[in-house]
1. Kindly check whether there is at least one residue in the range 55-65 that is touching a residue at least 60 places away in the same chain (Cβ under 8 Å), in a loop (DSSP other than H, G, I, E, B), more than 18 Å from E146 (Cα to Cα) and hydrophobic (A, V, I, L, M, F, W, C).
2. Quick one: which helices (runs of 4 or more DSSP H) lie wholly within the range 84-192 and hold at least 1 residues that are under 22 Å from G44 (Cβ atoms), open to solvent by less than 20 Å² (accessible area, probe 1.4 Å) and modelled with pLDDT of 95 or more?
Amino acid sequence: MFKNFDVIIVKNQREILEAIETAKIEKPEAIIGFVPTMGALHEGHMSLIETAKSQSDIVVCSIFVNPTQFNNPDDLKTYPRTIDADRKLLEEKGCDILLLPDVKDVYPNGEQPYSIDLDGIDKSMEGAFRPGHFKGVCMVVERFFEMVQPDIAFFGKKDFQQLAVIRKMTAVRNLPIEIIGVPIKRAENGLALSSRNALLTEKEREDASFISRALKSGLDFSKTNTNAASIAQHIEAQFKGTAMEVEYVAIIDNDTLEPVEEVSANSTVCTVVYYGKVRLLDNMQFADA
């Protein structure tokens, strides 16, 4: 355990628990807030830290590019890593503890067999296009919950299905942790902030703002036609003639994640769009239409 800037940096479970216990000396009943990330931090992550600070006494952030949730080795290899800049951002936002483990710290016995029944919410959308992805997500988040033992954990709503999966995993495992979803943070041009945006050129980031405009067009379209299939077709049609390729447009119930036939205020449209080799996620809720 060592101090860098004003953030305490720890590497493993023993060090993180020692750091939390030390921080609790002045306030034994302190609420521990946890923000797990894969690094390449941006203002979207900082909104998670800010929300955590507003609801917690001690804020822990982890940075770990988890190999078990990548089904594409190239995606794992090219995932942005900017640890020095990340540390500085966390210091500026007042994060208390940074958990910066190696693979052996997270999986000391190697990758062990893991299974969990999530009632099917992990099978559609990302689950269909990235087999094994949510198994890896649940494995690492459950492991981090074991390491940090937080009271509250914060996740961005940009990964809409992931948030639902983590909530379900927490309930299935009967973990005493409150899961908070934090609204999507967008650039001025509307592009949902993502670590993968760093893989785009400045022009490509401007072009990719079209994704949010296409989704907004779908929400506007729903004011006169609530048929989900028609709305999805309308959104996909927006991308014809662009340099972007739609992987899927799914319109789902907010609670069950099942496809809906007619949209309501309890529906969300989720999409994944490829710009070259960069895979970009976004979603919007029809309640905002």
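1. Scanning the range 55-65, I find no residue that is touching a residue at least 60 places away in the same chain (Cβ under 8 Å), in a loop (DSSP other than H, G, I, E, B), more than 18 Å from E146 (Cα to Cα) and hydrophobic (A, V, I, L, M, F, W, C), so the answer is no.
2. Numbers: elements: 103-106, 126-129, 133-148, 160-172.
Answer list for the range 84-192: 126-129, 133-148, 160-172.
Residue by residue, here is whether (1) among the β-branched types (V, I, T); (2) buried (at least 20 other Cβ atoms within 10 Å of the Cβ) holds:
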position: A30; (1), (2): no, no
position: L41; (1), (2): no, yes
position: T51; (1), (2): yes, yes
position: D57; (1), (2): no, no
position: N66; (1), (2): no, yes
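The values are calculated or read from the model by the stated rules, or taken from the named source; none is laboratory data. Predicted model only: the values in this text are computed from it and were never measured. All Cβ positions, glycine included, derive from the backbone under ideal geometry; neighbour counts span all protein chains shown. Heads up: the accessible areas ignore ligands, DNA and RNA and are worked out on the full protein's heavy atoms, side chains in. Shrake-Rupley method; radii C 1.70, N 1.55, O 1.52, S 1.80 Å.
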